[in-house]
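For reference, the structure discussed in these notes is given below.
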Protein chains: 2
Amino acid sequence: MNETRYDWLSDRWVIFAPNRLLRPDNYREHKSYPIASDDSHDTNDQQCPFCPGSEDETPEAMLVLRTNPKTPWSVRVVPNKFPAIQRLSDPVPCRDGLNQVAASTAASTEDALFMRKQARGGHEVIIEAPTHVQSITQLPADHATLIFEAYQQRLLHWRSVHAMRYAVVFKNNGADAGASLVHSHSQLICTDFLPSDVLKTQRRSLEYLQSHGRCYLCDVLEKELQAAQRIVAQTESFVAFCPFASRLPYSVSILPKRHQAAFEECSPKELAEFTRLVQHTLKAIEIEHPWAAYNYVMQTAPLDAHNPAAFHWRLKILPRLIKVAGFEWSSDCYINTVLPEQAAEALGRHICCMPHNAKASLPQTHHA
Amino acid sequence: MNETRYDWLSDRWVIFAPNRLLRPDNYREHKSYPIASDDSHDTNDQQCPFCPGSEDETPEAMLVLRTNPKTPWSVRVVPNKFPAIQRLSDPVPCRDGLNQVAASTAASTEDALFMRKQARGGHEVIIEAPTHVQSITQLPADHATLIFEAYQQRLLHWRSVHAMRYAVVFKNNGADAGASLVHSHSQLICTDFLPSDVLKTQRRSLEYLQSHGRCYLCDVLEKELQAAQRIVAQTESFVAFCPFASRLPYSVSILPKRHQAAFEECSPKELAEFTRLVQHTLKAIEIEHPWAAYNYVMQTAPLDAHNPAAFHWRLKILPRLIKVAGFEWSSDCYINTVLPEQAAEALGRHICCMPHNAKASLPQTHHA
């Protein structure tokens, strides 16, 4: 049974999920697993639980999307077999409720020092293709768009579930980014509590809105587009840039130019445009750092009551080129070895030179 | 020139140090570098800048300690050749002052969105032995004690330097923990700003003291010793335990049983006792997970004005057995696969069975 515990001094919830030790791990024997070349995605891996023919090795799919009606599936969403978070349908022996409630009603000092609860929600796997690809850059654009459509549909589902407070879609690509399986996939975790760091960011967004009358990220974006020092690429509606104070080298954020609180609000046309920019950006990272592991996280508007004017959704891409070391663990202050200006220039170069007439299709790509 | 930038939304300072890309890296070619056996520390590595004969490859030592007067050096502290933080003696073109000041006096919206400063302080390397050992568990107890004495002396130095606000000693051991050199060493970073996470923890410690009339960690320790579920080992004055809500599997905190704000206050007798417990605990981790990388961080009382009754120093040992993945990057909420109770039992077993009459010398080791 999973359990969530609170570190009062650091103001952090930690999820304990011993069941996750049981999951298979492609990387355990091969420490680095190079990204396959573009033509390797025809071969399926018989041992891979995500390849066609192994559908019964995962729990039953809750969503299947197809690029054409004759395909059994193109994108499959299944419950995670080794969930980090207790399923809503599981019996829960005791529950203190939401974190704020638990914190304020703790009966004794001991309860306050050792606060724990049975957090609940969902943990899903988005299997991104039937072919054994390792990166969504190996997929055709219409297929890749379906993956983001699956994110939208599942986020919309969790938005409708009572008492859910936080939902995030993320990708771990490569062993150094925490992946255990090579076959391209992403995950969704939904929780009935709000991680403290997420709460803090929400409060600050709201604070900025109240003091400036505008969304913080709208203001940042305006200045970034003016300065044109950290822009990687842009389309009509979206921009990819290396944030001014990124914690990790070559981090890229992709966000809509006009204010939009939730990723689920994207129209099909916008989704296709966004997907194209994501694929181009990831490809640029893969060219610049051929075997780099990376994470990406889709940060959409909070699930519970919020002010949509304060939140601006974004996809954060986080290449894992350097290790988090002791100084970072002691202080949460990061040492980054690459200036975002240099990262943006390096990545942008690969996008300008890409096939598919990138410069035309991503028309306003420019650098200082 | 290094630069420190502020991510306003996340309330995090990030240090940019492109110079650190130039440092040598023993691990670049050998991805895993196994911990040497106990008898291998006689061999020096001619290419290692920390071995005897290569003293001129590092800047001049600011502290040398010796286990006996005939030895040229046993522990050497030198300025980091590739500092993360600008040296105090370096010229600083512009400086906005401390973070809080900069935040409140930003002249325009743009300044507030893109706040940067030239942070200053120190970055030192503590070379822990002339022999090419990879772990302080390979050193005799009296030699290992000298390492912690060097920490004390350097921390005391930085405590006396005007305008310094944060100082931490940490160790990166193994490539996965961010080490670039194999030869056993640790580092000290001192900054003229307070990382936000450190500030938050300090505020919470003070809040607990004000509401409960006691130090938070004194209270935790009392309950931990009563429950005896997460104790790894203890001596007369110190206890090693796996914290209730650890972010990483097999994390251990070692702290004094009686309230003590600063590590530098430890007497020589206490220091020897503490060192013995650290060596035993690290050895237990090395036995349980033979090639595990780890960090440790020495968290001592803040450098600037504070209430010593609120702060309790501790050494946090953080084995790096799992990777930080997308969910953690999105939320700062960690998924830990090993319960601290199980970790403590596993590690404690190795300490009970160790040579040197461990059970007698660490007399009160017990488990539930």
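Please treat every number below as a calculation from the coordinates, not as lab data. Since we're looking at a predicted model, the values are computed, not measured. Cβ placement follows ideal geometry from the backbone for every residue including glycine, while neighbour counts extend to all protein chains displayed.
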Any idea which of A:Trp291, A:Cys218, A:Trp313 is furthest toward the positive side of the dipole for region A:214-361, if Lys and Arg beta-carbons carry +1 and Asp and Glu beta-carbons -1?
-> A:Trp291
Place +1 on the Cβ of every Lys and Arg and -1 on the Cβ of every Asp and Glu in region B:204-361, take the dipole about the Cα centre, and give the residue among B:Gly348, B:Phe238, B:Ala325 whose Cα lies farthest towards its positive end.
-> B:Gly348
Ranking A:Tyr296, A:Tyr27 by Cβ neighbours within 10 Å, fewest first, what do you get?
-> A:Tyr27, A:Tyr296
Relative to the other copies, what are the label-point distances for B:Lys223, with labels 7 Å from Cα along the C-beta vector, expressed in nm at one decimal and sorted shortest first?
-> 4.2
Per residue of A:1-11, other chain Cβ atoms within 10 Å number on average 5
Report, in cubic angstrom per residue, the convex hull volume of the C-alpha atoms of region B:204-361.
-> 128 Å³
Counting only residues 5 or more places away or on other chains, whose amide H sits under 5 Å from the amide H of A:Leu88 once H atoms are built in the peptide plane?
-> A:Gly121
Between copies, how far does the label point of A:Phe82 sit from its twins, in nm, shortest first, when each point is 7 Å from Cα along Cα→Cβ?
-> 3.4
Whole-Hz couplings from phi, Karplus 6.51/-1.76/1.60, listed for region B:239-249; x for Gly and Pro | 9, 10, 9, 8, x, 3, 10, 4, 7, 10, x
Using modelled amide H (1.01 Å from N, peptide plane; none on Pro or chain starts), what sits under 5 Å from the amide H of B:Thr337, excluding residues fewer than 5 places away?
-> A:Ala17
Debye log10 I(q)/I(0) for the protein assembly as shown, one point scatterer per Cα, at q = 0.09, 0.11 Å⁻¹ = -0.84, -1.28
Past 30 Å, Cα to Cα, is the threshold; run B:Lys200/B:Lys257; A:Lys200/B:Lys323; A:Lys257/B:Lys200 against it and keep the listed order.
-> A:Lys257/B:Lys200
Dipole of region B:204-361, Cα-centred, from +1 at each Lys and Arg C-beta and -1 at each Asp and Glu C-beta, to the nearest 20 debye?
-> 260 debye
Under 5 Å from the placed amide H of A:Phe238, counting only residues 5+ away or on other chains, we find A:Lys257
Whole-Hz Karplus couplings 3J(HN,Hα) for region B:176-189, θ = phi - 60° and coefficients 6.51, -1.76, 1.60, Gly and Pro as x, run 5, 9, x, 6, 10, 10, 7, 3, 3, 7, 9, 9, 10, 10
Quick one: plug the Kirkwood hydrodynamic radius of chain A (C-alpha pairs) into Stokes-Einstein at 20 °C, 1.002 mPa s, and report D in µm²/s.
-> 99 µm²/s
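How shielded is A:218-226 by partner chains, expressed as the average number of their Cβ atoms within 10 Å of its Cβ atoms?
If you average over the peptide's residues, the count of other-chain Cβ atoms is 2.
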